[in-house]
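Worksheet: the structure to be examined is printed underneath.
The values are calculated or read from the model by the stated rules, or taken from the named source; none is laboratory data. These figures come from a predicted structure and were not determined experimentally. In this analysis, Cβ positions are derived from the backbone assuming ideal geometry, glycine residues included, and neighbour counts consider all displayed protein chains. Keep in mind that these areas ignore ligands, DNA and RNA; they rest on the heavy atoms of the full protein, side chains included. Shrake-Rupley method; radii C 1.70, N 1.55, O 1.52, S 1.80 Å.
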Amino acid sequence: MTRVFSGIQPSGDLHLGNLLGALVNWERMQHEHESVFCVVDLHALTLPKDPATLRRTTLQLSQLLIAVGIDPERCVLFVQSQVPEHAQLAWLMECTVSFGELSRMTAFKDKSSRNEFISGALFTYPALQAADILLYDTDFVPVGDDQRQHVEITRDIAERFNSRYGTTFVVPAHVIPPAGARVMDLQNPDRKMSKSEVSPAGTVNVLEDFASIEKKFKRAVTDSDGEVRYDVDAKAGVSNLLSILAAATGGDPAALAGGYTQYGPLKSDTAAAVIELLRPIQARFAELEADPAETSRLLRLGADKAREVASVTLRRAQENIGLLAY
Ligand code: TRP
């Protein structure tokens, strides 16, 4: 069975775009592959974070992943900092990657231009990401195009390490995950849905209350020609509603368009479908939130399963690079 690894940062609230675009794929992958999913709190630290906020968002994201159906008994779901092998292998990765390679990362250039405090770790971020991936003998890394460069550098690090010190790591491949729904901002349908802090009226959060969700769909930007048709370029707003309705109900956006002659009913049906999608997720989340012991048990289970694999890989890397055995 092939092994897949993916990571997600605990930053901001989880929104409908994350859910329909990425997490539904994670949910499916756990039935098709040996899946390892990681909440990357150490990566979140590369930009300064308030400690209480980081603790809260890490816990909340973990609970949300479980609530959307990522099953800690079936796959491996864990918090990065609870598996110390990640930080340990990251050092060996930093010693294997070159300054020049790290300097070419567009994510670093982008983040360092937008932030005031630029930590050393923001620069070496890809070394930690390489450790994440390589610890699990990962075959495939299903991530979006924005992460392609980080997977490429991971491959280069793995190949260099293997050729310098003998075969140690499986060289992973980047795969574009099967296209999830492209969920656009309800107010600016030419832009992808993003964090609620950036665009509160255009973003629907997974934990949002239902009255507010209804209101946002009612106010969603459409156009003035009055025709319900799936045409992403000419009718971005209407097409976005159809995409969301399709993703939430398992239908096809172009086919669903035939059932509507007016925008009002399309908006209210889409809101209703999203609410039905979120209802069981919110209920499961509330259960976990009310039962911290159960959440801890599940995360410990995940960390224990992760360490079983990670510790073997780390030891192999340490031995091959010439560190003393302990
Ligand atoms: N860098 C990824 C992001 O910002 C998160 C991440 C960390 C990740 N480690 C990973 C993704 C390993 C895939 C594999 O989205």
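Of the residues making up segment 157-170, those that are surrounded by fewer than 17 Cβ atoms within 10 Å (Cβ to Cβ) and in a loop (DSSP other than H, G, I, E, B) are G166, T167, V170.
Please enumerate the residues belonging to segment 268-295 that are open to solvent by 60 Å² or more (accessible area, probe 1.4 Å) and over 30 Å from K215 (Cβ atoms).
Result: D291, P292, A293.
Select from segment 2-45 the residues that are in a helix (DSSP H, G or I), within 13 Å of the ligand (Cβ to nearest atom) and modelled with pLDDT of 95 or more and list them in ascending order. Hits for segment 2-45 are D41, L42, H43, A44. Of the residues T96, T53, the single one that is farther than 20 Å from F161 by Cα and of a type in the set (S, T, N, Q) is T53. So is Q63 open to solvent by less than 50 Å² (accessible area, probe 1.4 Å) and touching a residue at least 60 places away in the same chain (Cβ under 8 Å) or not? In short, yes.
Scan segment 88-109 and give yes if some residue there is within 26 Å of V309 (Cβ to Cβ), away from the ligand (no atom under 14 Å from the Cβ) and surrounded by fewer than 16 Cβ atoms within 10 Å (Cβ to Cβ), otherwise no. Give the steps one after another, and end with the answer.
As a first pass, look at segment 88-109 and keep what is within 26 Å of V309 (Cβ to Cβ): 88-97.
Now narrow it down to the ones that are away from the ligand (no atom under 14 Å from the Cβ): 88, 91-92, 94-97.
Add one more test, that the residue is surrounded by fewer than 16 Cβ atoms within 10 Å (Cβ to Cβ), and what stays is 91, 95.
Looking for residues that are within 26 Å of V309 (Cβ to Cβ), away from the ligand (no atom under 14 Å from the Cβ) and surrounded by fewer than 16 Cβ atoms within 10 Å (Cβ to Cβ), one finds at least one in segment 88-109, hence yes.
Taking segment 187-297 as the region of interest, the helices (runs of 4 or more DSSP H) fully inside it that hold 2 or more residues being in contact with a helix residue (DSSP H, G or I) (Cβ under 8 Å, 6 or more places away or on another chain) and within 21 Å of S62 (Cβ to Cβ) are 263-289.
Would you pick out the residues in segment 141-151 that are farther than 24 Å from Q82 by Cα and either more than 8 Å from the ligand (Cβ to nearest atom) or assigned to a helix (DSSP H, G or I) (or both)? Don't jump to the end; show me each part of the working.
In the first step, residues of segment 141-151 are kept if they are farther than 24 Å from Q82 by Cα; the result is 144-146, 148-149.
Passing the criteria: D145, D146, R148, Q149.
If you filter segment 214-251 down to residues that are under 20 Å from L23 (Cα atoms) and of a type in the set (V, I, T), you find that the one that is modelled with the highest pLDDT is I244.
If a residue must be aliphatic (A, V, I, L, M) and either out of contact with any strand residue (DSSP E or B) (no Cβ under 9 Å at 6 or more places or on another chain) or closer than 26 Å to Q63 by Cβ (or both), how many such residues does segment 174-186 contain?
4
It is to be established whether one or more residues within segment 110-118 are within 12 Å of the ligand (Cβ to nearest atom) and within 24 Å of K49 (Cβ to Cβ). Yes: segment 110-118 contains one or more residues that are within 12 Å of the ligand (Cβ to nearest atom) and within 24 Å of K49 (Cβ to Cβ).
Count of segment 171-182 residues, restricted to those that are away from the ligand (no atom under 14 Å from the Cβ) and either surrounded by 22 or more Cβ atoms within 10 Å (Cβ to Cβ) or modelled with pLDDT of 95 or more (or both), is 1. Of the candidates T154, T138, the single residue that is assigned to a helix (DSSP H, G or I) and crowded, with 19+ Cβ neighbours inside 10 Å is T154. Of all the numbered requirements in (1) out of contact with any Lys or Arg (no Cβ under 9 Å at 6 or more places or on another chain); (2) under 18 Å from W26 (Cα atoms); (3) within 14 Å of the ligand (Cβ to nearest atom), Y136 misses one, and that requirement is (1).
What's the number of the only condition in (1) under 24 Å from the mean Cα position of the chain (by Cα); (2) open to solvent by 80 Å² or more (accessible area, probe 1.4 Å); (3) of a type in the set (G, A, S) that S224 fails to meet? Tallying (1) under 24 Å from the mean Cα position of the chain (by Cα); (2) open to solvent by 80 Å² or more (accessible area, probe 1.4 Å); (3) of a type in the set (G, A, S), S224 fails exactly one: (1). Within segment 63-119, the residues that satisfy the criterion of being touching a His at 6+ places or on another chain (Cβ under 9 Å) and not in a helix (DSSP H, G or I) are R74, C75, M105.
Of the residues Y125, Y165, only one is within 10 Å of the ligand (Cβ to nearest atom) and touching a residue at least 60 places away in the same chain (Cβ under 8 Å); which?
So the residue among Y125, Y165 that is within 10 Å of the ligand (Cβ to nearest atom) and touching a residue at least 60 places away in the same chain (Cβ under 8 Å) is Y125.
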